[in-house]
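First the structure, in the form of structure tokens, and then the observations on it.
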């Protein structure tokens, strides 16, 4: 009896009926109804078309011992990710009569673990490392059929195409690359038919899922090390245009100067996708033969760590042509400064000025932008400015919060739906937000909350520029720039399997991190006055001044809700205060316990100008001590200090630590 993944009995014939159907099939007769499953029948037909011998007794061994070692080296990430799963199988399956098998994407067995008796029996049919279990070589079997169909499958005894394997039952699931969904291999559980059970398919699927999660973690850690190294050595490249590729040639990050250079030669950053395909070869020297004419080989440098190539850097040195283009660009932007929407964003602290300068560079690039930062930090304000200063400024700006809807409602809102797509669907259907934003910008807040099932559809729109309404098969072309925002750590979400790696990398090429309000406290007095004026205009109430004691309390508060919380506090105080001044008594209860009202030196400094760096020396020393303790690994340093890695980068740069530590540690 054969069951599906959920354990339901399938309506097909028994063992003897399948054998009769197999014999009829080989003789050219039609298959009896319901004798075999459709997936098995399709596999049999593929085997017949490719000339697989039905009397074959075993799989061919296509790799010798030396070749197997080389093959395992090429798939070291897959094997490393599978280690805990295979180790568990060694113990869990030790007396079960079954074994777990890991293969490469072609169906060549890389490793086998499990019951010793099953492994011994498996030698007869060549269920051994180096054997090829592709359908074209070994007929219908769980490994080959799963790889051919891309679906989990269990092949029971007589369902095998080759006669010599019909004593076995096997269950397999493909293992996919968490970045692009390509098949990296298969995980199979095989045993003689008497020992194999229906739960083996669920075990294979779960094991493949664990391997994919570990692959995502390995990839994220490697990219983190790549960014650590390039950041700590960034002084080497001075004002160069810098583009960072991972070890497979996929674009990881590009700085603003790279965008300026590409603009100066009439290109855009999309050219990096084609370039990355050339740089992703195993031997970098081979890439030099196919470089575009604008790129010189000495601009390319591999990033190595312990003889492992983590990625490749393209460092474009400044040139007169580039400098002239940049100067002209800056001069032209200065002439339009009065129309600069980023100047309208309140804040003059160094942290906010840096964020606005980076945003100005990102605004002119025709790439998705990922805004990172805590809740209430002003991500939608920056998104509006990015739209207004970009090439699609004349088009619509359409916002959508991905965290406030159910999965089905979000799908309808994003992609729209056809008439009759579901109960209650509007007559004539409805255009989604992608279509509404055509020619402009779609701002997706809380992108980290997007359900995993919708993420492939969202990615397809980003890649192809085509949207399918729910219930329709006809694509609609859209030209939309996507700006996404999140307060989540998407790297952790990818590692936990809650966010697709390929979607993360598609969005994260151009990122902008916005600081929490506590990272630019010096802007609080200006923001407070701005919100007082805004409230007075909106609600038509008299303007109010603000006491120094109130400023003192605002500066001392932790602001977990960031700028949004500050706005709400000031708005409430302005509307409820009885006099023409905001005093300490007007503060909400959560702020009044922070500090007694007094005219302190600190508050006076914030009123009259930028504050001194308090505790800066201690903070700088703490970062240096942590870097030394973690031997320069900034990922672990950030974890040790309990701060985000982007915040660590900011502080390292601010305190000039990179110049000191780059000499001390060899990256």
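Values quoted throughout were computed directly from the atomic coordinates according to the rules given, and no laboratory measurement underlies them. Please read all numbers here as calculations on a predicted model, not as lab measurements. All Cβ positions, glycine included, derive from the backbone under ideal geometry; neighbour counts span all protein chains shown.
Summary of the geometry: segment 60-74 and segment 475-526, compared by the centres of their Cα atoms, lie 42 Å apart.
Calculated from the alpha-carbon coordinates, segment 483-530 shows an Rg and a Dmax of 15.3, 44 Å respectively. Helix 616-629 and the longest principal axis of the C-alpha atoms of the chain enclose an angle of approximately 20°. Distance between the modelled labels on residue 48 and residue 70, one decimal in nanometres: 3.9 nm (7 Å Cα→Cβ projection). For segment 53-132, the gyration tensor built on C-alpha atoms gives an oblate shape. Its axis ratio a/c (a ≥ b ≥ c) is at least 1.5, and a/b is not larger than b/c. Which percent, nearest 5, of DSSP beta bridges in the chain are antiparallel? Of all bridge pairs located within the chain, approximately 70 percent are antiparallel. Between helix 65-74 and the chain there is an angle of about 30 degrees, using the helix long axis and the longest principal axis of the Cα atoms. Equivalent ellipsoid of segment 15-219: semi-axes from √(5λ) of the C-alpha gyration tensor, largest first, are 27, 17, 16 Å.
How much of the DSSP bridge set in segment 336-513 is antiparallel, in percent, rounded to the nearest 5?
Rounded to the nearest five, the antiparallel share is 20 percent.
Against the empirical curve 2.2 N^0.38 Å, the C-alpha radius of gyration of segment 336-513 lands at a ratio of 1.06.
Over every Cα atom in the chain, the radius of gyration and the widest Cα-Cα span, Dmax, amount to 30.5, 99 Å. Relative to the longest principal axis of the chain, what angle (0 to 90°, nearest 10) does the C-alpha long axis of helix 320-335 take? Orientation of helix 320-335: about 50 degrees from the principal axis.
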